[in-house]
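> The following block contains the structure, expressed as structure tokens.
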Amino acid sequence: MYDLSELKISGINFTENKGQIIDGNHNLRPDILYVGDGGGMKVYLRKSGISYVLSKTTAKKDEEKVLNERTGMENEIQQITNIHLHRIDLDFVDCNSNITILRDNEAQGYSNYYYGHCPKGITNVHSYNRVVYQNVFPNIDFVFYGGKKEGLKYDIIVKPGGDPNNIKLKYSGADELEITNGELKIKNSIAEITENIPCLLYTSPSPRD
């Protein structure tokens, strides 16, 4: 099980992408299947991996003072806000091309989106607490959990016939990767992410009647 709780993320739900997500060039992103927002980090579940986009907002005051024409008093110029982003990608290496995506634990309510690229609206978009990627590798599933107070988690489930040696993951965008006491430290410019020691879950065949 991998744990990203160091970021103190809580209450993540995975919202289905029904065409509301675009990139910086206003192109649709059909490769993104679900997106979760956890206050300081967005999680994008892609067809062949996960992307984490961390953000940090800083503000500083300009020392210059200006005269308020209405009151005649000197006021400091408003704070200048800077937003710093850092993206980290986790890709499934040599994964199956026909991964089956399931979702359950539907959250209450739904969202409607009205953007420039969809002025008529994309409506009735639902979110879920759990998304399952079946057969990412032969007989190996990934289960992503949201809605957890302790943060985002995912399990790697090895089913009968699955070989853990087939699990290959590639990280891109990290400043440094370090293994300490079996835990993976993903260092970046905003917040260090800790992935706990993997715990492979094996499932047993159902007993015969």
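The values are calculated or read from the model by the stated rules, or taken from the named source; none is laboratory data. Treat the numbers as computed from the prediction; the structure is a model and nothing was measured. Remember, those area values only see protein heavy atoms, side chains included, never the ligands or the DNA or RNA. Shrake-Rupley method; radii C 1.70, N 1.55, O 1.52, S 1.80 Å.
> I need the strands (runs of 3 or more DSSP E) fully contained in segment 52-130, keeping only those with at least 3 residues that are closer than 30 Å to Lys185 by Cα and at pLDDT 90 or above. Let's see the steps before the verdict.
Numbers: elements: 65-67, 74-76, 80-92, 100-106, 111-115, 118-125.
Filter on segment 52-130 gives 80-92, 100-106.
> Return only the number of the condition from (1) open to solvent by less than 40 Å² (accessible area, probe 1.4 Å); (2) in a strand (DSSP E or B); (3) modelled with pLDDT under 85 that Ile12 does not satisfy.
Failed condition: (2).
> Look at segment 25-46 and say how many of its residues are charged (D, E, K, R) and modelled with pLDDT under 90. Let's see the steps before the verdict.
Residues of segment 25-46 charged (D, E, K, R): 29, 31, 37, 42, 46.
Of the ones still in play, those that are also modelled with pLDDT under 90 are 37, 42.
Of the residues in segment 25-46, 2 are charged (D, E, K, R) and modelled with pLDDT under 90.
> Still on this structure, please answer the following. Being more than 15 Å from Gln134 (Cα to Cα), open to solvent by less than 60 Å² (accessible area, probe 1.4 Å) and not aliphatic (A, V, I, L, M) is the filter here; which residues of segment 161-179 pass it?
Result: Tyr171, Ser172, Gly173.
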